[in-house]
1. Please find, within the stretch 72-96, the residue that is surrounded by the most Cβ atoms within 10 Å (Cβ to Cβ) out of those that are in a strand (DSSP E or B) and free of Cβ contacts under 8 Å to residues at least 24 places away in the same chain.
2. Given (1) open to solvent by 50 Å² or more (accessible area, probe 1.4 Å); (2) in contact with a helix residue (DSSP H, G or I) (Cβ under 9 Å, 6 or more places away or on another chain), identify the lone condition not met by Pro122.
3. Would you check which residues across the stretch 449-480 are exposed (fewer than 14 other Cβ atoms within 10 Å of the Cβ), under 24 Å from Glu361 (Cβ atoms) and either in contact (Cβ under 8 Å) with a residue 12 or more places away in the chain or not charged (D, E, K, R) (or both) and list them?
4. What tally of residues in the stretch 19-37 results from selecting those that are open to solvent by 80 Å² or more (accessible area, probe 1.4 Å) and either touching a residue at least 24 places away in the same chain (Cβ under 8 Å) or closer than 16 Å to Thr88 by Cα (or both)?
5. Test each condition in (1) farther than 30 Å from His243 by Cβ; (2) open to solvent by less than 50 Å² (accessible area, probe 1.4 Å) for Leu383 and report the one that comes out false.
6. For the stretch 387-407, name all the residues that are in contact with a helix residue (DSSP H, G or I) (Cβ under 9 Å, 6 or more places away or on another chain) and either open to solvent by 50 Å² or more (accessible area, probe 1.4 Å) or small (Gly, Ala, Ser) (or both).
7. How many residues are open to solvent by less than 30 Å² (accessible area, probe 1.4 Å) and closer than 15 Å to Val232 by Cβ if we restrict to the stretch 319-337?
Amino acid sequence: MPFPEEHPYLKIIQDISRQKEIRVYLVGGFLRDHFLKRPCLDFDFAVEKNAVAFARAFAKKIQGAFVLLDAEHGCGRVVKKGPGGPQTYDFADFRAPSLPKDLLHRDFTINTLCVDIKDVEPGAELNEILKDHRGGLKDLKARSVRMNSVRTFREDPLRLLRAYSHRAVLGFKIEKKTLAQIKKDVKLIRRVSFERVRDELFKILASPRAAETLKAMDACGLLSEILPQITVMYGVHQGGYHHLDVWPHSLETVRQFEGVLEQMKDDPDVTAYMGECLAGPRPRYALVKLAALLHDIGKPETRKKEVDRISFHGHEHVGRNIARPMAKALKLSTRERYVLEDIIQWHLRPGYLSNFKQPSERSVFRFFRDTKDEAVSVLLMSLADQRSTRGPLTSEADQRHHEKICLGLTRRYFEIKKAKPLVRLIDGHDLIKALKLTPSPLFGKILKEIEEMQATGKVATREDALAAARGIAQNGPKAKKA
């Protein structure tokens, strides 16, 4: 296998290493992904000494942005914008006197493959210049995540979570002894900053194997360490519409949502909508998976045993309030937090709409008004939620109808988005001039109702809107005359 030649900056790194007479090794993810035929824009380099100064010199050469990652341990990063997205180059000092001993401090064997940068020449065969001190190639072929040593997780507890992000992103299995060590060291994850936890968690959520990975994390106790609030869902039984208790139902909803995404993958509107990054590199669909995991977290607090059934009245509002501090703890952006809260708060609404053979235009208008930009997130998560509900009281006809409503409203959302925005027939000035009202809270009520009537076709002209407004003013709270 020839060494990839499409990265011209490697030649610059090679030149700097010769000028400074410093040994530099390309190590880890780039080589791993090259063998797996996966694209990679992140490069890691183990530097014999003075890695931070080396990184600064490289940044100056390519006019990239330099970031000091760790002055104490000699680690710097260079970021350079490219056609495929930003490329990152991390340079770190050896953590031991020699390269083989330095590699012992890396996380997993599949990330220990390395190449001496001086050996990278045009036409070089990778198998001739590759150094595999830790059996990384063997584990790559076995598709196995294996720790480098029993100290792996103690040296950096984030690796506990990274083992699962590798599992999710690469589709690998965690080796038996590594899994046993994770279970022993699981509580070490508490030492890691929430920002680092969030970034690794979202790699998992953004993968097509999030559901199975979350389930595996739960089995070893890692998921409840990073999201301790989920434990309230353990062992909570539901009613006859459900075949699963609250927690397994929540995991199943994530799995079903991944199926919905696969089903909709050829829909350009849905794909673009779900792929939008709400903050940093975190796509909307990953956040919806988190919402799917948490959508019923309010059920334990609201569970009531009634005469012939179990109820969870208001669990969507309780769940929203539980999710808020969780989002803050994970350092999600304000927009991400609002999106998460909105999906949880409104996740029952599509079910209410599907209680009718054909929802009224008024109820549809109010659904879109309330859910705003998250209408499709709510609809598709509701679809996944329904597919995860197969108790004895559910029927195939009801599920088919619910699916029809959700998919129909999803299409309608994009039609509305593409149409010309509705121009209001009247505004506050009209209420003052034509109806002789003075500004008051009544204005908001009147204009809101007129907007709804206009959207549902009940008024079409300014005269109709004024007449309707006059009726609302007379029948509503007493209005002050100008």
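The values are calculated or read from the model by the stated rules, or taken from the named source; none is laboratory data. Note that the structure is predicted; figures quoted are calculated from it, not measured. A quick note on method: Cβ atoms are made from the backbone with ideal geometry, for glycine too, and the neighbour counts reach across all protein chains shown. Accessible surface is based on the protein model in full, side chains and every heavy atom, while ligands, DNA and RNA are left aside. Shrake-Rupley method; radii C 1.70, N 1.55, O 1.52, S 1.80 Å.
1. Here the residue is Val78.
2. Evaluating Pro122 over (1) open to solvent by 50 Å² or more (accessible area, probe 1.4 Å); (2) in contact with a helix residue (DSSP H, G or I) (Cβ under 9 Å, 6 or more places away or on another chain) leaves (2) as the failure.
3. Listed by number, the residues that qualify are Gly457, Ala460, Thr461, Arg462, Ala467, Gly471, Asn475, Gly476.
4. Here the count works out to 2.
5. Tallying (1) farther than 30 Å from His243 by Cβ; (2) open to solvent by less than 50 Å² (accessible area, probe 1.4 Å), Leu383 fails exactly one: (1).
6. Across the stretch 387-407, the qualifying residues are Arg387, Ser388, Arg390, Asp398, Glu403, Leu407.
7. Residues meeting the conditions: 3.
To keep it simple, each residue is scored yes or no on (1) of a type in the set (Phe, Trp, Tyr); (2) at pLDDT 85 or above.
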residue: Ala397; (1), (2): no, yes
residue: Val423; (1), (2): no, no
residue: His429; (1), (2): no, yes
residue: Phe443; (1), (2): yes, yes
residue: Ala460; (1), (2): no, yes
residue: Ala468; (1), (2): no, yes
